[in-house]
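One structure is given below, encoded as structure tokens.
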Amino acid sequence: MTSAIRVFLATLVLLSVCCAAQDVGSAGNAASTPTATASDLYMKLRLDAPIKVSRLKAGDQVSGKLLQDAYLGAAQVYRASSAVHLTVDGLERRRRVPNDHWPWMIKAFTPRHENYPVFHSATVTNDDGHETSLQVSVVSVSKEVEVAPKAKKNAQMSGLPQKARRELGPIVTLWAGTSDSANGNAAAAAVTEPVTVPSGTEARVILLRDVSASKDRKGDSFQARLIEPVRLGPRLILPEGTMFDGKVLRSRPPRTLSRSGSIYLAFTNLTVPGRPSIPIAASIAGADISQRSHTVIDPEGQMHGDHPGRAWMLLNAGVTAGIAKEVDDGTQLVIEAIVSSATDASTAGTARIASTCASVIFLLTRRGRDVVLPKYTQMKIMFDRPIEIGHPAMGPASGRR
């Protein structure tokens, strides 16, 4: 191995370590992620300041404010902007989740596991100063963006501002344990007359398993959980905890020539706790994903891996140059060892052809970006057609803490 290729590989390893350090916390949904029960509270808070997960230690304080209201059943338990204080109890070793940030050259040198903070308790302070202590378990710590469908061409030509990505900042996602009695507010008097939920109604859900374009195929099923009640005016139609069943309608894994993967998810049924399943038609209208992810959503709700960026292309170009150099030198050595009369001049042409072929093969076989949606990814879905619910869950909204 020549000194040039050694320098190149050392640079690649250093770059991969730097990339892994920058991407700390973005793979928090690992195999050891806690499993939520029906009485657990989904909480998402924006940190007051960015943190480096790898540098946290037992006793460190982490604080932030709730990014959105926290609901349990029909009750709003905590209001958005409520202050949350966490104390690191220790660190555990978690397996990183596959991502769509870098090509395989970086992933090959990135550690498979990482140290991750463990939180067991949290203190929530409402606007009125009332404090509540909760038992919690961490789902993820990451920098997130909210991705919306790209506007159609006619909308772009209208001159209206279009934002496909909105920065959310450093986010900690938690499950908080609550008593089953907290669900009592969800058992308010039910309305018996049918209600029609119009098309275009939006709902916020979280995935209950990992989904990706590289592993999931057409017809695969998945589930999601509603995290924010759906209302028509003052009337609650779907309480938090409603389950959504979905299917993969189309899936295309990353392909050669750096062509990215894509996946189209559709929601086919919903089930209110204690009620029969109802057929629906709903599609994705947005998702909260890692800031470093390159997933985009088209106007129809299909998710794609974005085009390779400069860093991706530079890494592939660097590896291509290294392969070309090694094949060129190796071919000349082999020919000169076999043919005693061969000279550098006579073998240079053959070696150049071999190195060019190796480089072209490498570039042609490069795969594009994947679409990776880890477990508990938060998404916004939209009902594509009206649905009739003959048993609305309850009347006006419940009180707050």
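Coordinate-derived values only; no laboratory data. All figures in this text were calculated on a predicted structure; none of them were measured in a lab. Here Cβ is always computed from backbone atoms with ideal geometry, including for glycine, and neighbour counts include all displayed protein chains.
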> Cβ under 11 Å from Val138's Cβ, Val138 left aside: what net charge do those residues give with Lys, Arg +1 and Asp, Glu -1?
Replying inline: -1
> Suppose R0 equals 51 Å; then what is the FRET efficiency for Glu146 and Leu333 from their Cβ-Cβ distance, rounded to the nearest 0.05?
Replying inline: 0.40
>> Can you work out the Karplus-derived ³J(HN,Hα) for every residue in segment 373-379? Use 6.51 cos²θ - 1.76 cosθ + 1.60 with θ = phi - 60°, whole Hz, and x for glycine or proline.
In response: 10, x, 4, 6, 4, 8, 9
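Taking the Cβ of His85 as the center, what net charge do the other residues with Cβ under 13 Å away carry, scoring Lys and Arg +1 and Asp and Glu -1?
Details: positive: Lys65; negative: Asp48, Asp60, Glu131.
Cβ neighbours under 13 Å give a net charge of -2.
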> Considering amide H positions built from the backbone, and no H for Pro or chain starts, which residues 5 or more places from Asp48, or on another chain, come under 5 Å of its amide H?
Replying inline: Ser63, Gly64, Lys65
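Taking R0 as 35 Å, what's the FRET efficiency between Ala281 and Arg112 from their Cβ-Cβ distance, rounded to 0.05?
Once rounded, the FRET efficiency stands at 0.30.
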